[in-house]
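Trainee: Please read through the structure below; I'll follow up with questions.
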Amino acid sequence: MDGVVRPPAWPVRSGVAPPRAYGFTPRPETAAGVMTVLTPGTVLGLVPDQPARAGPRERLAACGKTQLALAAADSLWQSGSVQLLAWVDATSRASVLAGYLHAAAAAGLDLTGTAESAAVRFASWLSQTSRPWLVVLDDLRDGADLDDVWPRGAAGRVVITARDEATAASGPPEVQIRPVGALSTRESLGFLMTRLAADPDQRHGAIDLAAELGGEPAALAQASAVIASSRLSCHDYLEYFTERRASLAERAGRER
């Protein structure tokens, strides 16, 4: 029974994934083919296409990679393609172990011994089971946090989100790296149109705003949230945004 000691009610899901962003776009232009790549036995690494940069428009690695991982996980789960879906916070060794223990418990595996030993047994079970599974390692900071517990197996799929390619590809499994960049103009405009559907007048100037924000998901999300909760239009927000940026740049110049 693949090492299961307490038969669970399959399929099983564990971990706390972030909510789907309001106005989420599947990104048919800039993230096409993600699901095609994610076949059994695949390890997919989603990373920013550019390193974080300083300044008023710092990316902070917020390119929407976690939302894409969430969309892939939900699609596989809803289609019945996986029987175990484990969403694991990979920001530290402790959080990885905690995520593995929750997944092992959901799968009905033996949890006796230390957290380390139980996590190793869970990783071993993943490598041997014939049940289709998906493990999402969200926000991996250090590949060493997965020493001895890297998920692998012919029946499984792994999605890693990380801030750089070196971290995502630091483990033993062969990782297919997929750089994630900004949204296209069409995707950005579609995001704003969806987010501001309640009041079409607020969409005035959406094309210009989308172009100015450069397709950065975090900037688009912040702008649309402010506009939707106010009487501003996209044009109004763009005026405020450009004035504020010029003010900050002027202040920075005086302080040098």
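Trainee: Post the alpha-carbon centroid distance, segment 16-45 to segment 149-173, in whole angstrom.
Mentor: Cα centres, segment 16-45 to segment 149-173: 15 Å.
Trainee: Once you list every other residue whose beta carbon is under 14 Å from the beta carbon of Ala17, what net charge do they have if Lys and Arg are +1 and Asp and Glu are -1?
Mentor: -1
Trainee: Ok, one more. Magnitude of the Cβ-charge dipole of the chain, K/R +1 and D/E -1, about the Cα centre, nearest 20 debye? Each step should come with its number before you reach the end.
Mentor: Working: 25 positive and 28 negative charges, 39 e Å.
Charge dipole, the chain, about its Cα centre: 180 debye, nearest 20.
Trainee: Can you tell me the length gained on complete extension of the stretch Ser127 to Gln50, counting 0.36 nm per residue apart and subtracting the Cα distance?
Mentor: Additional length available on full extension: 24.4 nm.
Trainee: Which of rounded, prolate or oblate describes segment 165-256 when judged by the alpha-carbon gyration tensor and an a/c cut-off of 1.5?
Mentor: Values: a/c = 3.06, a/b = 1.40, b/c = 2.19.
In terms of gyration-tensor shape, oblate.
Trainee: Between Asp74 and Ala249, what FRET efficiency comes out of the Förster formula 1/(1 + (r/R0)^6) with R0 = 51 Å and r the beta carbon distance, rounded to 0.05?
Mentor: 0.80
Trainee: Residue by residue, what Karplus-based ³J(HN,Hα) values in Hz, rounded to whole numbers, does segment 93-100 have, using 6.51, -1.76 and 1.60 with θ = phi - 60° and x for Gly and Pro?
Mentor: Karplus-based 3J(HN,Hα) across segment 93-100 equals 4, 5, 5, 5, 4, 4, x, 5 Hz.
Trainee: A further question follows. Could you run the Karplus curve 6.51 cos²θ - 1.76 cosθ + 1.60 with θ = phi - 60° over segment 140-147 and give me ³J(HN,Hα) per residue in whole Hz, x for Gly and Pro?
Mentor: Each residue's phi maps through the Karplus curve to give 5, 9, 8, x, 5, 5, 10, 4 Hz.
Values quoted throughout were computed directly from the atomic coordinates according to the rules given, and no laboratory measurement underlies them. On a predicted model such as this, the values are computed, not experimentally measured, just so you know. Cβ sites come from the backbone with ideal geometry, for glycine too, and all protein chains shown count toward neighbours.
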